[in-house]
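The values are calculated or read from the model by the stated rules, or taken from the named source; none is laboratory data. In this text, all values refer to a predicted model and were calculated from it rather than measured experimentally. Counting neighbours? That spans all protein chains shown, and the Cβs are built from the backbone with ideal geometry, glycine included.
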Amino acid sequence: MIFGYARVSAFDQLLDSQIEQLREANVDRIVQEKVSGIHHQKEELTQLLDQLVKGDTLMVTRMDRLGRNTKQLLELIEELEARGIHLVILNLGIDTRTPSGKFILTVMSAFSELDRTMIKEKQQAGIAIAKRKGIYKGKKQKFTLKHDGVRHAIELHETTNKPVKEICKITNISEATFYRR
């Protein structure tokens with residue numbers, strides 16, 4: 001089956017043009033939603049994705065109808081591919097039912113991965129510079145020796161024969177935190 005998904009970001013916007021394009025593309029069923037793209041929870045899209053089975057096709061008019069950022073989109077594309085569900089993005093001419101459509105998505109994924117890697121490298125370079133200047137303090141530690149749970153855990157360890165696992169459960173700290181302190 002071919003499912004169309006139409007979404008606008010505000011309740012005062014109309015879905016008419018998307019619905020018309022999806023109908024012209026001969027979808028079997030159209031799911032409509034009015035919710036901002038930055039929201040991670042799109043109820044109608046989530047329900048639609050849960051209904052899709054191997055061999056089905058999800059069709060949208062534009063890529064940004066599925067999500068606002070590259071990470072969201074790539075995660076969804078990977079999920080669809082893993083489940084054997086095809087994706088068609090009308091305005092880009094991408095159709096994963098074809099070899100060229102799969103190729104284009106693969107190239108887009110590669111560029112996205114490159115972008116993520118470059119951002120991480122820039123972040124690491126910035127941290128290295130801040131460390132050399134002496135202004136990088138690292139992530140602020142939440143569970144220091146001043147934390148009540150940590151103090152109580154150390155006290156229990158010194159005064160009882162309870163195993164670390166039990167102490168951590170009582171004091172609500174992780175074993176890793178206990179051993180670090």
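It is to be established whether one or more residues within the stretch 115-126 are touching a strand residue (DSSP E or B) at 6+ places or on another chain (Cβ under 8 Å) and either free of Cβ contacts under 8 Å to residues at least 60 places away in the same chain or at negative phi (or both).
Scanning the stretch 115-126 turns up no residue that is touching a strand residue (DSSP E or B) at 6+ places or on another chain (Cβ under 8 Å) and either free of Cβ contacts under 8 Å to residues at least 60 places away in the same chain or at negative phi (or both).
Looking at Tyr179 and the list (1) surrounded by 10 or more Cβ atoms within 10 Å (Cβ to Cβ); (2) in a helix (DSSP H, G or I), which single condition is not satisfied?
It fails just one condition, (1).
Would you check which residues across the stretch 1-30 are surrounded by fewer than 18 Cβ atoms within 10 Å (Cβ to Cβ) and closer than 16 Å to Gln51 by Cβ and list them?
Passing the criteria: Met1, Ile2, Asp28, Arg29, Ile30.
Might you let me know whether the stretch 54-63 holds any residue that is at pLDDT 90 or above and surrounded by fewer than 17 Cβ atoms within 10 Å (Cβ to Cβ)?
Yes, the stretch 54-63 has at least one match.
Cβ-Cβ distance below 9 Å, separation of 6 or more or different chains: which pairs start in the stretch 10-23 with a residue that is in a loop (DSSP other than H, G, I, E, B) and end on one that is at pLDDT 85 or above?
Going by the 9 Å Cβ cut-off, the qualifying pairs are Leu15/Ala6; Leu15/Arg7; Leu15/Ile30; Leu15/Gln32; Leu15/Glu33.
Which one of these is outside the structural domain of Leu80 (by TED's automatic domain parsing), in a helix (DSSP H, G or I) and either modelled with pLDDT of 85 or more or not basic (Lys, Arg) (or both): Ile127, Ile135, Ile173, Ile104?
Of Ile127, Ile135, Ile173, Ile104, the one residue that is outside the structural domain of Leu80 (by TED's automatic domain parsing), in a helix (DSSP H, G or I) and either modelled with pLDDT of 85 or more or not basic (Lys, Arg) (or both) is Ile127.
Working only within the stretch 130-143, note down all residues that are free of Cβ contacts under 8 Å to residues at least 12 places away in the same chain and surrounded by 11 or more Cβ atoms within 10 Å (Cβ to Cβ).
Within the stretch 130-143, Ala130, Lys131, Tyr136, Gln141 qualify.
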